[in-house]
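To keep things clear, I will list the structure first and then write my remarks on it.
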Amino acid sequence: MVETDLLKTAEKILEFGPICDSCLGRQFAMLSTGLTNRERGRALRTVIRMSHDDRTLPEKGCWVCLGLFERDKLASWAEKVEDALHGIECRTFLIGTQVSGLLSENEEILWGECGIQYAEPLKSELNREIGKLVSERKGIEVEFTRPDVLIILDLARDRVNLSINARFIFGRYLKLIRGIPQTRWPCSRCRGKGCQACNFTGKLYKESVEELIGEVALPLFKGEDYRLHGAGREDIDARMLGRGRPFILEIKSPKAREVDLKVLEDGVDHTKVSLTGLRYTDGSRVEVLKSASPTKRYRAKIRVGDLDKIRLESGLNELSGAIIDQKTPQRVLHRRVDKTRRRKVIEAHLLGIEDGYAIIEILSEAGLYIKELVSGDKGRSSPSLSSIMEEDLSVEELDVIDVGDIEGIEI
Ligand SMILES: [Zn+2]
Ligand SMILES: [Zn+2]
């Protein structure tokens with residue numbers, strides 16, 4: 001834009017109606033950097049005034065922003081934000097503006113009538129100016145990608161809305177007893193509302209690993225809710241031992257963010273669960289965790305009667321390295337889609353036989369169902385230990401004793 005065009009446009013804007021320096025300068029924001037819109041507007045107004053000494057240019061009032069960029073108006077919005085942030089721990093924030101219909105119309109009228117092409121939208125200037133004030137007052141930083149708190153200035157309703165971003169904690173859990181699911185399990189009859197069947201608890205299981213950890217974490221973080229994301233899950237009747245299973249705990253809307261994780265680790269019921277390696281992480285790791293496929297090591301107790309030890313050892317030997325075609329187990333068919341997976345048994349061996357029970361260990365790729373690997377699930381898993389041995393074998397007790405490292409989080 002040549003300078004005469006620029007001045008012509010600025011004159012046109014000034015003739016159109018009373019406008020403040022910020023709103024004037026903002027219409028040319030893309031043409032220069034290093035100045036605030038207010039400074040740019042003042043400069044333009046000065047130049048035009050010098051060449052039109054016969055005309056007074058109105059400075060009071062602004063039909064575009066209706067006075068929003070007056071210093072005390074900006075300060076009062078910053079104060080509103082400060083009030084809204086009271087009692088909320090945050091280091092970073094981002095401001096967004098919901099512009100009222102009237103203001104966005106004014107802006108569009110101005111753009112249309114004066115042929116403006118280099119403007120910055122009103123709301124981005126407001127976000128920036130309030131952001132500067134809040135940053136100074138509270139000593140917190142603007143952060144664009146992952147702010148602790150998102151602050152929305154609702155201009156039409158003259159109020160501030162907050163959205164506190166979740167806090168994510170990575171760690172590994174051990175499940176020391178059988179009979180608890182990994183995550184909350186709502187009653188299927190009432191879907192969590194509470195009914196006779198679930199004794200008005202809304203739950204099929206009284207507790208879960210998720211609740212055993214989340215109920216301790218929630219008051220520490222002064223959050224609204226929580227969710228446990230696991231790297232796979234063990235059966236309800238299986239224990240999770242060894243180093244534990246990687247998980248990410250998501251705390252929704254936490255008013256406290258910098259909690260000492262040792263307090264969480266110490267606070268859980270150690271007769272049921274135990275936590276290791278807790279550390280803060282960010283939300284993007286949930287997807288990494290969920291899509292990881294770490295190897296798993298299991299220990300299974302199998303009723304074998306008077307089965308010969310040498311025969312069992314040779315059967316397990318045959319199973320080592322075998323590729324298993326496994327259809328979705330019958331016991332989970334009601335909630336999982338029926339498909340065939342192909343998974344490898346990396347290694348299988350016998351630990352010992354006692355009183356008609358064998359203890360075996362199996363290392364497998366992620367996603368292989370171990371109970372069905374042993375039983376054959378009426379031919380749905382093939383080959384199986386039962387088919388290899390030509391016996392009817394089944395798992396009596398199962399423990400997961402290792403889950404491999406999660407790439408992208410732990411290694
Ligand atoms: Zn204005
Ligand atoms: Zn119910």
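The values are calculated or read from the model by the stated rules, or taken from the named source; none is laboratory data. What you are looking at is a predicted structure, and each value in this text was computed from that prediction instead of being measured. All Cβ positions, even for glycine, are placed from backbone atoms using ideal geometry, and neighbour counts span all protein chains on display.
Here are the numbers for the structure shown:
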read-out: Counted residues, the stretch 302-325 - those being in a loop (DSSP other than H, G, I, E, B) and in contact (Cβ under 8 Å) with a residue 40 or more places away in the chain; value: 5
read-out: Boolean, Ser124 is within 16 Å of ligand 2 (Cβ to nearest atom) and either of a type in the set (Ser, Thr, Tyr) or at pLDDT 95 or above (or both); value: no
read-out: Qualifying residue in the stretch 284-300 (condition: surrounded by fewer than 14 Cβ atoms within 10 Å (Cβ to Cβ), in a strand (DSSP E or B) and not hydrophobic (A, V, I, L, M, F, W, C)); value: no
read-out: Condition met for Trp111 (farther than 30 Å from Ala166 by Cβ and surrounded by 13 or more Cβ atoms within 10 Å (Cβ to Cβ)); value: yes
read-out: Inter-residue pairs, beta-carbon under 6 Å, first more than 14 Å from Ser382 (Cβ to Cβ) and touching a residue at least 40 places away in the same chain (Cβ under 8 Å) and in the stretch 329-357, second of a type in the set (Val, Ile, Thr) and assigned to a strand (DSSP E or B), 6+ apart; value: Leu350/Ile360; Leu351/Ile359
read-out: Test: residue in the stretch 182-190 that is over 30 Å from Asn37 (Cβ atoms) and more than 16 Å from ligand 2 (Cβ to nearest atom); value: yes
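The rows are residues; the columns are (1) assigned by TED's automatic domain parsing to the domain that holds Leu220; (2) surrounded by fewer than 15 Cβ atoms within 10 Å (Cβ to Cβ); (3) touching a Gly at 6+ places or on another chain (Cβ under 8 Å).
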| residue | (1), (2), (3) |
| --- | --- |
| Glu89 | no, no, no |
| Thr97 | no, no, no |
| Glu107 | no, no, no |
| Val149 | no, no, no |
| Arg159 | no, yes, no |
| Tyr173 | yes, no, yes |
